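None of the figures in this text is laboratory data; all of them are computed from the coordinates on show. The shown structure was predicted, so the numbers you read here are calculated from the model rather than taken from an experiment. Note that each Cβ is placed from the backbone with ideal geometry, even for glycine, and that neighbours are counted across all protein chains shown.
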Amino acid sequence: MTDKTPVGPQIGNSADHFFQSDSDLVTQERRTAKRENKAGDPIECTSKVLCLVLSEKAEESEYAYIGESGFIAKRINLLTGKTTKVFKGHTGPVTCLGLWYKDNDEYLITGSWDKTLIKWNTKTKESIHTFVAHTDFVKSLAISHFASILYSGSSDNFIYSWNLVTGEQLQKFKGHSRGIEDLALDETETFLFSASSDGYIRKWNANTGECSHVFKGHLTSVYALKIFNEEMWTASADKTVKRWDLETGEPDTTLAHPDFVKCLVVIGPYVITGSRDENIRIFEIGNGDMINKFEGHFDEVACMAVRGITLYTGSLDCTIRKWSIAEEDIRTKTENKKSLQKSIPIKKEVNSSLLTEEEERELAELME
């Protein structure tokens, strides 16, 4: 008797859903049902939220700046949910942003898939300067406040440094074989760290562009990194978050997830992560236990930031949500704990195709 069990993804047979697999339809139905979820007091945005930074001015602590897939950046009042300023000028999704302060003035720096970065005066919304050199999507940036230097990372595999006052291009950092997903400076701003879709993290002299170490341990794209108390934390498409000893260059902690991890923050004894599976998880660093999970987003959690005892998260579901991370709220829910797994550094083979599977998926999602 012939086994007629279908093999591979099943295509929905409804006339309204041609070319969608059964799993795609299940995901779509689940997300539709979750749209009415008000967990996290959602702020509705006009397009997918890709990046988020909180104002550092004491008198503007209620404001955040966000970058959206709809080619714009915005300033949003986090208390009222209202958009107070819109920055228009990019011709592609705004994928990264940062704030720079000089002479009591605040400037917004945005990077885009249009291959450029723009410096804006946040009071007037005026575009002050456009930084042009990258030949592919700009995906990450970092700012040295001491030296007034901007660092930008791109899908062209390079990092550039720029004088924020004059706009002059300073250095070109070469070494990664795929796009630069995230950048971070250490506390002294002496060293720049870069996370790449080639699976590696590199440590650079921030002034000379010389690479002093390559961190190997993730199996595929590294999406995010944070430097905290002389430690480095990274998030990856290999479904893990790792903590690295910066002296030895080796990972000493691995936190397993069920899906790609897109963003993270480290707050005191906790590391908080955002994932493609739409959930936010809180882990206790000391023992590696997952002590809480916030559910509310109905698409990938793309970015997060913390002020005081409030966590703000942005998602491809076009919302920003806020969550209390006061001690009593963090420990309200304790089921589904996950233990640490010891990491084993493995060198991966680099795919020679133009885009990785993750990059192709990211492009498709952002252009929906």
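So the values come out like this:
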| quantity | calculated |
| --- | --- |
| The stretch 142-163: number of residues that are of a type outside the set (D, E, K, R), outside any strand (DSSP E or B) and either touching a Pro at 6+ places or on another chain (Cβ under 8 Å) or more than 19 Å from E187 (Cα to Cα) (or both) | 3 |
| The listed residue being under 25 Å from W233 (Cβ atoms), crowded, with 23+ Cβ neighbours inside 10 Å, touching a residue at least 40 places away in the same chain (Cβ under 8 Å) and not basic (K, R), out of D182, D186 | D182 |
| Residue satisfying condition, being buried (at least 16 other Cβ atoms within 10 Å of the Cβ), without any contact (Cβ under 8 Å) to a residue 40 or more places away in the chain, not hydrophobic (A, V, I, L, M, F, W, C) and not in a strand (DSSP E or B), within set D238, D259 | D238 |
| Members of the stretch 82-103 found to be touching a residue at least 60 places away in the same chain (Cβ under 8 Å) and surrounded by fewer than 17 Cβ atoms within 10 Å (Cβ to Cβ), listed by number | K102 |
| Residue within the stretch 210-230 that is of a type in the set (G, A, S) and surrounded by fewer than 18 Cβ atoms within 10 Å (Cβ to Cβ) present | yes |
| The stretch 104-135, subset of a type outside the set (S, T, N, Q) and touching a Gly at 6+ places or on another chain (Cβ under 7 Å), residue surrounded by the fewest Cβ atoms within 10 Å (Cβ to Cβ) | H129 |
| One residue from S144, S161 being surrounded by 18 or more Cβ atoms within 10 Å (Cβ to Cβ) and in contact (Cβ under 8 Å) with a residue 60 or more places away in the chain | S144 |
| Residue identified as in contact (Cβ under 8 Å) with a residue 12 or more places away in the chain and part of a loop (DSSP other than H, G, I, E, B) among G286, G314, G274 | G286 |
